[in-house]
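S.K.: Shown below is the structure under consideration.
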Amino acid sequence: MTHSLFLPNSYKHYPEKGSVSYQSPSNIALVKYWGKYGEQLPKNASVSFTLSHCHTQTTLEYKMKRGAGFHVKVFLDGVETPAFLPKIETFFERIKPYVPFLERYAFMVRTTNSFPHSSGIASSASGMSALALCLVALENQLLSREMTSDYYHQKASFLARLGSGSAARSVEGPLVVWGEHPKIPTASNNFGLRYPFKVHPNFENYQDTILLVDKGEKQVSSTVGHDLMHAHPFAEQRFQQANDNLSKLISVFESGDLEAFIEIVESEALSLHAMMMTSMPYFILMKPNTLEIIQKLWAYRKETGSKVCFTLDAGANVHVLYPESEKDPVLQFISKELAQFCQKGQYICDEVGFGSKKL
Ligand code: PMV
């Protein structure tokens, strides 16, 4: 099914060749997206912090070609990586109606991630977002009238979503909502948008330290994970829970109530993992060290009254979230007490960021 809003008007001219570059951030969901329908449409609304230091930089080089079909080469850190081609070709096939110039050009995609490839941090959100932004930037040159900035970002998020759902939330920042929600009339299943309501200063420059517990390949691809929600006995309750949690977060973002924030965010992380543990087949994606970290973090919070909390992606790594005002003590706690549970003691210090950048 095509979405008519993002079908382009006719193109005015085609530049012979050129290149465009974008940097796109990773994001960490506070309310999780897990379960989809149709073409990567979410079964519930989600909201995420856009990150700052974990990002992908992509340069798209294009040159006019003859004949039909896609012509793409991908380079990761300067090395040609044909293993990425199937994913990119599937993506191109899916987005072709919205960017019909794709078959007119031969493309070279040159991409690098600021975080190590084998860190267990998914690069699909930042990677798909950066590539989508490059394509929209190119399309903007083909049109007789330039896109408005809002439409440009919406179209990039819309295309990124068709590559990887959570990539829809990696175009803007610092807080992004994706998915229809009764309390957010402008939110859409088609693209992410900057969180439109008031946010308390407590959430400014919120910190995210990513503890690398398991740097291996994902045990369960997100495609398989989302599919498992189709026949899941708790699916409907889970989608309702996520939407309810987003409703609660709206008040929390406004009031700055960090106790309430912690409760929602940690419950979301554990609910996501509970879905995996109760699907058929079932999975445990946490490792013993994930639980060690959670226990230590809870003990630290109890002892000190800190407002530190955790969230998880579909893996064993732990995102430690805390207000900027607690940066020094929490970093000390992490290095003294949590780093020992990370592979090679490694963790990445990040914080909330403001979205993609044209380079
Ligand atoms: O974008 P996908 O299809 O890889 O799904 C990612 C889902 C989670 O990262 C587990 C949660 C989320 O909302 O980001």
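The values are calculated or read from the model by the stated rules, or taken from the named source; none is laboratory data. Just so you know, these numbers come straight off a predicted model, no measurement behind them. We place every Cβ from the backbone using ideal geometry, glycine too, and count neighbours over all the protein chains shown. With ligands, DNA and RNA removed, areas are computed over all heavy atoms of the protein, side chains included. Shrake-Rupley method; radii C 1.70, N 1.55, O 1.52, S 1.80 Å.
S.K.: Between region 187-203 and region 63-124, what is the separation of their alpha carbon centroids in Å?
M.R.: Between the Cα centres of region 187-203 and region 63-124 lies a distance of 29 Å.
S.K.: Sorted by accessible area with a 1.4 angstrom probe, largest first, how do His232, His153 fall?
M.R.: Working: His232 15, His153 50 Å².
Highest to lowest solvent-accessible surface, that is His153, His232.
S.K.: Same structure again: Using θ = phi - 60° and the Karplus form 6.51 cos²θ - 1.76 cosθ + 1.60, what ³J(HN,Hα) does each residue of region 271-288 get, whole Hz, x for Gly and Pro?
M.R.: 5, 4, 5, 4, 4, 5, 6, 10, 8, 10, x, 9, 9, 10, 9, 6, 10, x
S.K.: Whole angstrom only: what separates the Cα centroid of region 237-263 from the Cα centroid of region 266-291?
M.R.: 20
S.K.: Moving to a separate point now. What ranking of Asp350, Asp257 comes out by heavy-atom accessible area, probe 1.4 Å, highest first?
M.R.: Details: Asp350 5, Asp257 65 Å².
Listed by decreasing accessible area, they come as Asp257, Asp350.
S.K.: Determine which aspartates and glutamates satisfy two conditions relative to Lys87: a Cα distance under 16 Å, and not lying fewer than 8 residues away in the same chain.
M.R.: Glu39
S.K.: Which whole-number percent gives the relative contact order of region 75-162, counting Cα pairs below 8 Å spaced six or more residues apart? Don't skip to the answer; put the middle values down first.
M.R.: Details: 47 pairs, mean separation 29.2, N = 88.
Once divided by the residue count of region 75-162, the mean separation gives 33 percent.
S.K.: Cα-Cα over 18 Å: which of Lys36/Lys215; Lys218/Lys287; Lys32/Lys307?
M.R.: Working: Lys36/Lys215 26 Å; Lys218/Lys287 13 Å; Lys32/Lys307 21 Å.
Exceeds cut-off: Lys36/Lys215; Lys32/Lys307.
S.K.: Can you list the aspartates and glutamates whose alpha carbon sits under 18 Å from that of Lys183, skipping same-chain ones fewer than 8 residues off?
M.R.: Lys183 reaches Asp244, Glu254.
S.K.: Quick check: pseudo-label points 7 Å beyond the Cα along Cα→Cβ at Leu41 and Tyr14, how many nm apart are they?
M.R.: Output for this residue pair reads 3.2 nm.
S.K.: Leaving out ligands, DNA and RNA, and with a 1.4 Å probe, what % of the accessible surface on the chain is carbon or sulfur?
M.R.: On the way: 8180 of 15840 Å².
Result for the chain: 52 percent of the exposed heavy-atom area is carbon or sulfur.
S.K.: Still on this structure: Relative to the longest principal Cα axis of the chain, at what angle does helix 124-142 sit, 0 to 90 degrees, rounded to 10?
M.R.: 30
S.K.: Here's something else I'd like to know. Rounded to the nearest 0.05, what FRET efficiency do Glu303 and Gln241 give with R0 = 25 Å and r taken as the Cβ-Cβ distance? Could you check? Don't skip to the answer; put the middle values down first.
M.R.: Numbers: r = 30 Å, r/R0 = 1.21.
After rounding to 0.05, the efficiency reads 0.25.
S.K.: To continue, here is another question. What number, rounded to the nearest 500 deg cm²/dmol, is the helix-based mean residue ellipticity at 222 nm of the chain, given -39500 (n - 2.57) per DSSP H run of at least four residues and division by all its residues? Working shown, then result.
M.R.: Values: 8 runs with 117 residues, N = 359.
Roughly -10500 deg cm²/dmol at 222 nm, from the helical runs in the chain.
S.K.: Would you kindly state how much longer the chain becomes between Gln340 and Asp257 on full extension, computed as 0.36 nm times their sequence separation minus their alpha carbon distance, in nm to one decimal?
M.R.: On the way: separation 83, 0.36 × 83 = 29.88 nm, distance 3.10 nm.
Net length gain for the segment: 26.8 nm.
S.K.: Taking H placed 1.01 Å from N in the peptide plane, check which residues at least 5 places from Tyr33 or on another chain put their amide H under 5 Å from its amide H.
M.R.: none
S.K.: By accessible area of protein heavy atoms, probe 1.4 Å, what ranking do Asp244, Asp214 get, highest first? All intermediate terms of the calculation are to be shown ahead of the outcome.
M.R.: Numbers: Asp244 65, Asp214 45 Å².
Ranking Asp244, Asp214 by accessible area, largest first, yields Asp244, Asp214.
S.K.: So what is the accessible area of the chain per residue, in Å², with the probe set to 1.4 Å?
M.R.: Working: 15840 Å² over 359 residues.
Per-residue accessible area for the chain comes out at 44 Å².
S.K.: Also, I was wondering about something else. For Ser52, which sequence-distant residues (separation of 5 or more, or a different chain) have an amide H within less than 5 Å of its own amide H, given hydrogens modelled in the peptide plane?
M.R.: Distant-sequence amide H within range of Ser52: Glu351, Gly353.
S.K.: While we're here: Compute the length gained on full extension between His200 and Ser221: take 0.36 nm times their separation in residues and subtract their Cα-Cα distance, giving the result in nm to one decimal. Working shown, then result.
M.R.: Numbers: separation 21, 0.36 × 21 = 7.56 nm, distance 3.53 nm.
The span from His200 to Ser221 would gain 4.0 nm if fully extended.
S.K.: Counting only C-alpha contacts under 8 Å and six or more residues apart, can you give the relative contact order of the chain as a whole percent? Intermediate values should be presented prior to the final figure.
M.R.: Working: 738 pairs, mean separation 84.4, N = 359.
Relative contact order for the chain comes out at 24 percent.
S.K.: Then there is this: Calculate how steeply helix 235-255 sits against the longest principal axis of the alpha-carbon atoms of the chain, using the helix alpha-carbon long axis, and give the answer as 0 to 90 degrees to the nearest 10.
M.R.: 80
S.K.: Follow-up. Whole-Hz ³J(HN,Hα) for each residue in region 84-101, computed from phi via Karplus 6.51 cos²θ - 1.76 cosθ + 1.60 with θ = phi - 60°, x for glycine and proline: what do you get?
M.R.: 7, 4, x, 5, 5, 5, 4, 4, 4, 4, 5, 8, 3, x, 8, 9, x, 6
S.K.: In the Gaussian network model of the chain, springs joining C-alpha atoms below 10 Å, which of Ala187, Ala130, Ala68 carries the largest mean-square fluctuation?
M.R.: Sorting by GNM fluctuation, first place goes to Ala68.
S.K.: Give a residue-ordered list of calculated ³J(HN,Hα) values for region 292-307 (Karplus: 6.51 cos²θ - 1.76 cosθ + 1.60, θ = phi - 60°; whole Hz; x for Gly, Pro).
M.R.: Rounded to whole hertz, the list is 4, 5, 4, 4, 4, 5, 5, 5, 4, 5, 5, 5, 9, x, 4, 9.
S.K.: Tell me the accessible surface of Arg110 in square angstrom (1.4 angstrom probe, heavy atoms of protein chains only), to the nearest ten.
M.R.: Accessible area, nearest 10 Å²: 90 Å².
S.K.: Cut-off under 15 Å on the C-alpha distance; same-chain residues fewer than 8 positions from Lys73 excluded. Which aspartates and glutamates are left, in chain and number order?
M.R.: Correct list for Lys73: Glu61, Glu89, Glu103.
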